[in-house]
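Visitor: The structure is given below, and queries will be raised subsequently.
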Amino acid sequence: MVAIIAIILMVAADQLVKYWAVTALQAAPGHTIPLIENVFHLTYVENRGAAFSVLQNQIWLFVLLTIAILCAIVIAVRRGLVRSALGRWSLYIVAGGAVGNLLDRIFRHFVVDLFDFRLIHFPVFNVADVFVCVGGVLFAYYLLFQHDKAVKK
């Protein structure tokens, strides 16, 4: 139950930030607000692809892929395949991000991105992307350093 509440809060945070981006950033000159000029801006972007804008306009492919990943997370957690709290929470964090971007794809037909690190020319991203990346890194840590030890117990 705590995990479901956490996922709902992650999705809510992501959607609130995206709502602000749609209402405020879209109206800003050039769709951007520089916080640190030429370093970090908040920039309204409609991403119709995946990371780095690959596979543009393949909305239903991403919807199906996201649903498959969410199903895999549910199965892995329910069957006890992920044996530590870190492993499970890493998947919950991924799920929160995945649902946030899934909602965009279903209801907007694109994902709203806004964090724009211009100093390193990094692709513009959003809160859900942060959740997916952080959860993915934590899950990789779990797989590399905890899973085998937990299985042996």
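Visitor: Could you tell me how many degrees, from 0 to 90 and to the nearest 10, lie between the Cα long axis of helix 2-20 and the main elongation axis, the longest principal axis, of the Cα atoms of the chain?
Guide: Helix 2-20 and the main axis of the chain meet at about 10 degrees.
Visitor: To the nearest 10 Å², what's Glu46's accessible area with a 1.4 Å probe?
Guide: 70 Å²
Visitor: For segment 1-144, what is the relative contact order in percent, using Cα pairs closer than 8 Å and at least 6 residues apart in sequence?
Guide: In percent, rounded to a whole number, it is 33.
Visitor: Continuing with this model, one more query. What residue among His109, Val130, Leu143 has its Cα farthest toward the positive end of the dipole of segment 102-153, where the charges are +1 on Lys, Arg and -1 on Asp, Glu, each on the Cβ?
Guide: Farthest towards the positive end: Leu143.
Visitor: Now a separate question. Just to check I understand the Karplus step: with θ = phi - 60° and J = 6.51 cos²θ - 1.76 cosθ + 1.60, what whole-Hz values come out for segment 84-91, glycine and proline as x?
Guide: 3J(HN,Hα) across segment 84-91, in whole Hz: 10, 4, 4, x, 5, 5, 4, 5.
Visitor: Moving on. Kindly provide the helix-only [θ] at 222 nm of the chain, computed as the sum of -39,500 (n - 2.57) over DSSP H runs of four or more divided by all residues, to the nearest 500 deg cm²/dmol?
Guide: -19000 deg cm²/dmol, from helical runs alone.
Visitor: Pull out the extension gain between Leu35 and Ala72, defined as 0.36 nm times the separation in residues minus the alpha carbon to alpha carbon distance; nm, one decimal.
Guide: Using 0.36 nm per residue and subtracting the Cα-Cα distance, I get 9.4 nm.
Visitor: So, taking all protein chains as they sit and a 1.4 Å probe, how much accessible area belongs to His147, in Å² rounded to tens?
Guide: Near enough 50 Å² of accessible area.
Visitor: Of Ser90, Ser84, which has the most accessible area with a 1.4 Å probe, and how do the rest follow in descending order?
Guide: Sorted descending by solvent-accessible area, the residues read Ser84, Ser90.
Visitor: Only Cα pairs under 8 Å and at least 6 apart count here; give the relative contact order of segment 79-128 as a rounded whole percent.
Guide: This gives 27 percent for segment 79-128.
Visitor: Let me ask you something else. Could you point to the residue in Val74, Val39, Val11 farthest towards the positive end of the chain's charge dipole, with +1 and -1 charges on the Cβ of Lys/Arg and Asp/Glu respectively?
Guide: Checked the options; the winner is Val74.
Visitor: Taking amide H positions as placed in the peptide plane 1.01 Å from N, state which residues far from Leu42 in sequence (5 or more) or on other chains have amide H under 5 Å from it.
Guide: So Leu42 has HN proximity to Ile33, Leu35.
Visitor: Where the only charges are on Cβ atoms (+1 Lys, Arg; -1 Asp, Glu), what is the dipole of segment 95-153 about its Cα centre, to the nearest 20 debye?
Guide: I would put it at about 300 debye.
Visitor: Roughly how big is the chain's charge dipole about its Cα centre, with Cβ charges of +1 (Lys, Arg) and -1 (Asp, Glu), in debye to the nearest 20?
Guide: So the dipole magnitude of the chain works out to roughly 820 debye.
Visitor: How large is the accessible surface of Thr66 in square angstrom, using a 1.4 angstrom probe and rounding to the nearest 10?
Guide: About 20 Å², rounded to the nearest 10.
Visitor: May I ask you to work out the translational diffusion coefficient for the chain at 20 °C, viscosity 1.002 mPa s, via Stokes-Einstein with Rh from the Kirkwood sum over Cα pairs, reported in whole µm²/s?
Guide: This corresponds to a translational diffusion coefficient of 130 µm²/s.
Visitor: Using θ = phi - 60° and the Karplus form 6.51 cos²θ - 1.76 cosθ + 1.60, what ³J(HN,Hα) does each residue of segment 92-105 get, whole Hz, x for Gly and Pro?
Guide: Result, ordered by residue: 5, 5, 4, 4, x, x, 4, 5, x, 6, 4, 4, 4, 5 Hz.
Visitor: Helix 127-145 versus the longest principal axis of the chain: what angle, 0 to 90°, nearest 10, using Cα atoms?
Guide: 30 degrees
The values are calculated or read from the model by the stated rules, or taken from the named source; none is laboratory data. These figures come from a predicted structure and were not determined experimentally. So basically every Cβ, Gly included, is an ideal-geometry build from the backbone, and we count neighbours across all protein chains shown. Calculation scope for accessible area: heavy atoms of the full protein, side chains included, ligands and nucleic acids excluded. Shrake-Rupley method; radii C 1.70, N 1.55, O 1.52, S 1.80 Å.
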